[in-house]
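Asks: What follows is a single structure, and I will ask about it in a moment.
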Amino acid sequence: MSGVEGLDAHLASGATGVARCWRLTRRDGESYGFTDHDCDLQIDGVMFRAETGLTAAALSQTTGLSVDNTEAIGALSDAAITEDDIAAGRFDGAQVEAWLVQWAAPENRVLQFRGSLGELTRANGAFLAELRGLAERMNQPKGRIYQKQCSAVLGDKSCRFDQTTPGYFYEATGQVLENGRVFLFDDLPGFEPRWFERGRLTVLGGAATGLSAVIKIDRQSEGVRRVELWDAIRTKIVADDLLRLEAGCDKRMETCRLKFDNLMNYRGFPDIPGEDWQVSHPSRMSSRSGGTRR
């Protein structure tokens with residue numbers, strides 16, 4: 001007897017030895033295990049460590065579509081979750097699983113919570129993380145948006161554009177200015193100015209490997225390419241770190257057709273009338289573009 005049945009039998013015995021275990025899986029695939037037991041536990045190849053100082057508040061669970069909520073509290077430790085990783089956003093949206101485990105027989109366990117990390121706050125060498133249940137997704141708006149511009153994100157399952165297509169990305173090292181927000185590159189041959197605006201810069205080497213941000217400005221001046229981000233990369237980047245620039249899309253139909261040759265997957269409605277038709281008056285003009293009538 002193992003699994004949930006084994007845990008039920010253990011709890012019914014009256015003399016119990018159980019512990020709580022949490023597994024965090026970041027968006028980059030890195031997994032961390034924590035337990036409130038006084039010894040490490042290994043479950044399904046993941047080591048749940050006891051020395052991290054991680055604890056959890058009471059779990060509130062209800063029936064129906066109500067959102068399950070709880071919190072995790074822990075000390076910032078170099079051996080587990082570091083303050084630099086939290087500040088860099090590496091744990092944003094990480095997946096969380098919480099188990100009740102018979103520590104003498106870890107195969108006897110039950111999953112009590114599954115969700116994701118919400119708001120993370122730091123103070124006095126510790127962190128407080130909000131844990132959001134699966135029902136949290138029910139609070140998010142769903143469905144198509146009818147607008148002139150494309151509603152897809154470049155490269156997603158709706159857009160279907162392959163961002164690894166030659167000519168739509170460039171990898172190079174660059175000079176870093178203004179604390180990871182502005183980068184200078186030598187002339188990028190074959191790429192027009194503003195080609196990477198609204199695209200993405202991703203760090204491929206060094207301490208900031210895997211971090212990325214959206215490109216705000218891409219300008220060419222005197223043989224130097226200046227790339228500015230909307231938000232700074234929050235981990236130190238040095239001149240030898242490899243960077244990847246990906247082409248950007250401004251969501252217009254012309255851009256989809258001429259720049260990406262992807263018009264078949266355009267998700268906007270460029271011919272939808274504007275809002276001024278509601279107050280329009282009879283006119284001899286044949287234009288129905290939604291523009292101003294004179």
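Asks: Give me the distance in nm between label points sitting 7 Å out from Cα along the Cα-to-Cβ direction at Thr121 and Ala9, one decimal.
Replies: 4.6
Asks: Straight-line reach from Lys157: which lysines have a Cα under 25 Å away, not including same-chain ones fewer than 8 places off?
Replies: Lys142, Lys148, Lys216, Lys251, Lys259
Asks: Length gain on complete extension for the stretch Ala207 to Asn265, per 0.36 nm per residue less the alpha carbon to alpha carbon distance? Before the final figure, lay out each step's value.
Replies: Numbers: separation 58, 0.36 × 58 = 20.88 nm, distance 3.69 nm.
Extra length available between Ala207 and Asn265 comes to 17.2 nm.
Asks: OK, next. What's the FRET efficiency of Thr82 with Ala135 using the Cβ-Cβ distance as r and R₀ = 35 Å, to the nearest 0.05?
Replies: It comes to 0.70.
Asks: Classify the stretch 169-246 from the C-alpha gyration tensor, please: rounded if a/c falls under 1.5, else prolate or oblate depending on whether a/b exceeds b/c. Intermediate results must be reported in sequence, preceding the final value.
Replies: On the way: a/c = 1.57, a/b = 1.46, b/c = 1.08.
Judged from the Cα gyration tensor, the stretch 169-246 comes out prolate (a/c at least 1.5, a/b above b/c).
Asks: With Cβ to Cβ distances under 13 Å as the rule, what net charge do the other residues near Tyr170 carry (K, R +1; D, E -1)?
Replies: -3
Values in this text are rule-based calculations from the coordinates and carry no lab data. None of these values were measured; they are calculated from a predicted model. Counting neighbours? That spans all protein chains shown, and the Cβs are built from the backbone with ideal geometry, glycine included.
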